[in-house]
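K.L.:
Structure below; questions to follow.
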């Protein structure tokens, strides 16, 4: 089947790519761009491990064809750290021990970032709603919610 | 192995052109149902030669609520519905249904049109829109036809949409005068939850009596339906004449009359009865009746 030409911006860098008609954004990120921070968990939109930000919105990259997001701006977990160091969200996740096995962490960070980008002072309920599509089988969630609250406080200053 | 050619349309005209010229076309919108089937290599894809992505078609997006009539574009996402101040103010039960669907990630992609066309028995968008008496505008290259939403689904996952048609928008009359609504859902958990039962109640009231009412179920019957017997029982009654528990029992009887006794009936019968009772009590309370 014919390949399709797409152009996407990932973490600020433009990529011109040829993608297959069944190629998911998740596949493009991991296989073509070798950005393996984004994880494949359930593959059916339940676990949120593959969450990335597409045009300011958290989406499951397993449920989107790359051809559908032609022209979009995408942020993945690799886009968090900058020259000045770890992102406040990353620091907060470490500080609050919001990570155990770490498999859900990239998706959690992306859902949290999408929230804080649009709502810098979320309530606990708003944090829970933003993270409701992300499963964690280790932490029991409390540390993750604490970390997002901490990041919101520190980042907001 | 599933194989298809992916096409992207950028205007409604282009969508209609492709649907006219090509056969075996499957439309792709938000993809939150279809991509799951695709990943699992569902046999239904064996009959598909083209996958037509319409997510870029601006004409199919947007919410317009006028004083008399309202419309919602088929590609409006659940996230857009629940964050719309207009929906929150005028049709809060539609926002409540949208917020009960999936997760933030799902709601950001999934569309109301996709939810209707996919037509799962548990789909959450039906009951609020049926309560509004909504019609669907189904368009092909030759023109458009309107279908009452409650006549749209023939059987779960099977609708009257023809191969050369696309769902353009949902149109409805705005409720008038004093009205109250409620949307209720029972799932196994709060988020990313498939409805076991859902319910919309929409009532126009006047002088402490019900002028018009629609009680509509979701996930209770193979295709979502208005509970005609309950509606008949409640219409034109004064608040003092209404027994919420009786309304619940009538709805439960009506559901079992449609589905017959099923494995889930011992659960769904009392659950639906209570759901309707609660919705009617909420209505009376919201209308300021202290009985």
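Read-outs: derived from the displayed coordinates by stated rules, not from any lab. Because the structure is a prediction, the values reported are computed rather than measured. Using ideal geometry, Cβ is built from the backbone for each residue, glycine included, and neighbour counts are taken over all protein chains shown.
K.L.:
Counting other beta carbons within 10 Å of each Cβ, put B:160, A:69, B:216 in order, fewest first.
P.N.:
So the residues, fewest neighbours to most, are B:160, A:69, B:216.
K.L.:
Neighbouring Cβ atoms within 10 Å as the yardstick, rank B:174, B:1, B:35 fewest first. Intermediate results must be reported in sequence, preceding the final value.
P.N.:
Numbers: B:174 14, B:1 6, B:35 23.
By the 10 Å Cβ count, ascending: B:1, B:174, B:35.
K.L.:
On average, how many beta carbons from a partner chain sit within 10 Å of the beta carbon of a residue in B:96-107? Please report the intermediate quantities before stating the final value.
P.N.:
Working: counts 0, 0, 0, 1, 0, 0, 5, 15, 15, 23, 9, 6.
Mean shielding by partner chains, rounded to a whole number: 6.
K.L.:
Ranked by Cβ crowding within 10 angstrom, fewest neighbours first, how are B:267, B:233 ordered?
P.N.:
Numbers: B:267 13, B:233 21.
Ordered by Cβ neighbours within 10 Å, fewest first: B:267, B:233.
K.L.:
Could you tell me the distance between the Cα centroids of the range B:210-227 and the range B:153-184, to the nearest Å?
P.N.:
A separation of 12 Å, based on Cα centres.
K.L.:
If you don't mind, there's one more thing I want to ask. Stokes-Einstein diffusion coefficient for the range A:88-156 at 37 °C in a medium of 0.692 mPa s, Rh from the Kirkwood formula over Cα pairs: what value in µm²/s? Don't skip to the answer; put the middle values down first.
P.N.:
Details: Rh = 11.5 Å.
Rounded, D is 285 µm²/s.
K.L.:
Give or take rounding to whole Å, what are the principal axis extents of the alpha carbon atoms in the range B:23-74, in descending order?
P.N.:
Per principal axis, max minus min of the Cα coordinates gives 46, 22, 17 Å.
K.L.:
Between the range B:4-75 and the range A:8-70, how many Å separate their Cα centres?
P.N.:
20
K.L.:
Let me ask something additional. Per the Kirkwood definition applied to all pairs of different Cα atoms, how many angstroms is the hydrodynamic radius of the protein assembly as shown? Before the final figure, lay out each step's value.
P.N.:
Details: mean 1/r = 0.0429 Å⁻¹.
Final number for the Kirkwood radius of the protein assembly as shown is 23.3 Å.
K.L.:
Under a no-solvent Debye model with one identical scatterer per Cα of chain B, what's log10 I(q)/I(0) at q = 0.07 Å⁻¹?
P.N.:
-0.27
K.L.:
Let me ask something additional. Can you give the calculated 222 nm mean residue ellipticity of chain B, where each DSSP H run of n ≥ 4 adds -39,500 (n - 2.57) and the sum is split over every residue, rounded to the nearest 500 deg cm²/dmol?
P.N.:
Working: 11 runs with 100 residues, N = 291.
One gets -9500 deg cm²/dmol as the mean residue ellipticity at 222 nm.
K.L.:
When the Debye formula is applied to the Cα atoms of the range B:116-220, each taken as the same point scatterer, what base-10 log of I(q)/I(0) results at q = 0.11, 0.13, 0.14, 0.20 Å⁻¹?
P.N.:
-0.40, -0.55, -0.63, -1.04
K.L.:
Taking only DSSP H segments of four or more residues, each worth -39500 (n - 2.57), what value at 222 nm results for chain A once the sum is divided by all its residues, to the nearest 500 deg cm²/dmol? Spell out each step's value before the answer.
P.N.:
Details: 4 runs with 44 residues, N = 157.
The helix contribution divided over chain A gives -8500 deg cm²/dmol.
K.L.:
Other chains near A:132-141: what is the mean number of their Cβ atoms within 10 Å of each residue's Cβ?
P.N.:
Values: counts 11, 9, 5, 3, 0, 0, 0, 0, 0, 0.
Mean shielding count: 3.
K.L.:
Any chance you could list P(r) for the range B:178-286, counting all Cα-Cα pairs in 5 angstrom bins from zero, rounded to whole %?
P.N.:
Reading the bins upward from 0: 2, 13, 25, 25, 17, 11, 6, 2, 0.
K.L.:
Got the relative contact order for chain B handy, in percent, Cα pairs under 8 Å and 6 or more residues apart?
P.N.:
On the way: 598 pairs, mean separation 43.0, N = 291.
Computed over chain B, the figure is 15 percent.
K.L.:
Using a/c under 1.5 as the rounded threshold, could you call the range B:5-53 rounded, prolate or oblate? The axes a ≥ b ≥ c are square roots of the C-alpha gyration tensor eigenvalues, and prolate needs a/b larger than b/c, oblate otherwise.
P.N.:
In terms of gyration-tensor shape, oblate.
K.L.:
Separate question: Can you give the average number of partner chain beta-carbon atoms within 10 Å of each beta-carbon in peptide A:17-26, as a whole number? Mind showing how you got there, number by number?
P.N.:
Values: counts 0, 0, 1, 1, 9, 11, 1, 4, 0, 0.
What the average comes to for A:17-26 is 3.
K.L.:
Expected output is a single nm value to one decimal: the length gained when fully extending between residue B:64 and residue B:163, i.e. 0.36 nm times separation in residues minus the C-alpha distance. What is it?
P.N.:
Details: separation 99, 0.36 × 99 = 35.64 nm, distance 2.75 nm.
Roughly 32.9 nm would be gained on extension.
K.L.:
Now for a different question. If you average over every viewing direction, what projected area does the convex hull of the Cα atoms of the range B:60-173 give, in nm²? List each step's numbers first, then the result.
P.N.:
Working: hull surface 26.5 nm².
If you wrap the Cα atoms of the range B:60-173 in a convex hull and average its projections, you get 6.6 nm².
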